[in-house]
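Below is one structure; the comments refer to it alone.
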Amino acid sequence: MKTIRNLKKRQGFTLVELLIVIIIIGILAGAMMMVAGSGTDRAEATKIISDLRTVKAASLMLYADNNAWPVAGTKANESLSSYMDRTLIDEYVIRRGDAGAGADSLFVGRIQVPRKGIMDALKKSAIDSGLYYGTDDWGPVNSPDQWPDPSANQSVWVLITR
């Protein structure tokens, strides 16, 4: 009879039990936020690579139709709009390479990648995607196998033609 009465008295959780559960939920939520943050950067890097490939394909179609490459120094949305299936939100620019990246080469670049995490994700796929690295909007300075440690607000480029 005593055991039944003791079980009836206990109708809820103790403060310690509730605190332990809250702490465990907090730890799990923090771990999920860290994973979600790096996943967002990787997704943004994949979007940038996709946009660069879209501009490259539009440039090749322009060359096939007109026997001329896009004009260096123009924005991709302006000079290639009739060859692209969608308007790009970010600024992509067509540039000639410099002496280090090939002066006779034509590149398309994404100006000012906003976060270092995105540049880190781009660096990981630089060789596979053929990405070049730049410190400003004047074109690439490094080949895919010579990426330095990136920082935010730098540019990423892909080769259109040599």
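The values are calculated or read from the model by the stated rules, or taken from the named source; none is laboratory data. Quick caveat, the model's predicted, so the values are computed rather than measured. Glycine gets a Cβ as well: all are built from the backbone with ideal geometry, and neighbour counts include every protein chain shown.
Checking the structure you have, find out if any residue of the stretch 80-96 is in a helix (DSSP H, G or I) and surrounded by fewer than 14 Cβ atoms within 10 Å (Cβ to Cβ). Scanning the stretch 80-96 turns up at least one residue that is in a helix (DSSP H, G or I) and surrounded by fewer than 14 Cβ atoms within 10 Å (Cβ to Cβ).
When each of ARG53, ARG86, ARG110, ARG96 is tested for being over 15 Å from the mean Cα position of the chain (by Cα) and closer than 18 Å to VAL158 by Cα, the lone residue that passes is ARG96.
Sort through GLY30, GLY73, GLY26, GLY39 and tell me the only one that's loosely packed, with under 13 Cβ neighbours inside 10 Å and assigned to a loop (DSSP other than H, G, I, E, B).
GLY73
Each residue in the stretch 7-43 was checked for being modelled with pLDDT of 90 or more and of a type in the set (D, E, K, R), and 1 pass. Of all the criteria given as (1) over 22 Å from GLY130 (Cα atoms); (2) at pLDDT 90 or above, the one not satisfied by THR46 is (1).
Taking the listed residues ALA58, ALA45, ALA68, the one that is touching a helix residue (DSSP H, G or I) at 6+ places or on another chain (Cβ under 8 Å), within 24 Å of LEU88 (Cβ to Cβ) and without any contact (Cβ under 8 Å) to a residue 12 or more places away in the chain is ALA68, with no other qualifying.
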